[in-house]
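Structure record follows, encoded as structure tokens.
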Amino acid sequence: MDDGGTPKSLCILCRIGASICAVPIEHVSETMRPLPVEPLAGTPPFVLGVAVLRGAPTPVVDGAMLLGGGSATDGRFLAIRIGERRALIAVDAVLGVRALSLEEIRALPPLLRGPGLEAVDGMGSLDGDLLVVLGAARVIPESVWASLERVGASVGSTVGASARRSRSTP
């Protein structure tokens, strides 16, 4: 809470396209340089594929495409926790950590709810820029998790071999 008694939530701020996005810090395990990504057939366009994170195949989401824009640049990855699962979000830049008051974040108006914006928990304004709050639990659709679980170990071994090749290539 701030001095006025308004509840605050710590968030990682990142830039995705022209938007500043906030992800509640309790869902972010780390930020990192992009890892090698292998495409995965049958996933939505915003899923870039799978990368190996700490030995486990992990879906990679293009944050810009998730929000309906073009592709994110080769900026950074946010590693997020969704229950027992993990995912990576490709973002243009990580801007830092900020305590956001719940007054700065508004629920989506009815016109903006529905297909394509399931990952957005709310919107607001931050220093004059659009602020988009991502809900970690809805960034990856259940169908993508099912695809990943079906492919499972074969994806991990393919991505792992590719990552080893890319590290050993001068």
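Just to be sure I understand: of the beta bridges DSSP finds with both ends in the range 38-100, what percent are antiparallel, rounded to 5?
80
Using 0.36 nm per residue, how much length does the chain from S29 to L10 gain when fully extended, once their Cα-Cα distance is taken away? Before the final figure, lay out the partial values.
Details: separation 19, 0.36 × 19 = 6.84 nm, distance 1.35 nm.
Result for the pair: 5.5 nm of gain on full extension.
Count charges around T58 for me, please; just the other residues with Cβ under 9 Å from its Cβ, Lys/Arg as +1, Asp/Glu as -1.
With Lys, Arg at +1 and Asp, Glu at -1, the neighbours total +3.
Taking amide H positions as placed 1.01 Å from N in the peptide plane, with prolines and chain starts having none, which residues 5 or more places from D121, or on another chain, fall under 5 Å of its amide H?
HN-HN under 5 Å from D121: V133, L134, G135.
Just need the Rg to Rh number for the range 3-81, please, alpha carbons only, Kirkwood Rh.
Across the range 3-81, the Cα-based Rg/Rh ratio is 1.03.
Considering only protein heavy atoms, what is the solvent-accessible area of D127 at a probe of 1.4 Å, reported in Å² to the nearest 10?
So the heavy atoms of D127 present about 130 Å² to solvent.
Work out, step by step, the length gained on full extension between R81 and A93: first 0.36 nm times the residue separation, then minus their alpha carbon distance; give nm to one decimal.
2.4 nm
The values are calculated or read from the model by the stated rules, or taken from the named source; none is laboratory data. Computed from a prediction, not measured in an experiment: that's the story for all the values here. Positions of Cβ are generated from backbone atoms using ideal geometry, with glycine treated the same way; all protein chains shown enter the neighbour counts. Accessible surface is based on the protein model in full, side chains and every heavy atom, while ligands, DNA and RNA are left aside. Shrake-Rupley method; radii C 1.70, N 1.55, O 1.52, S 1.80 Å.
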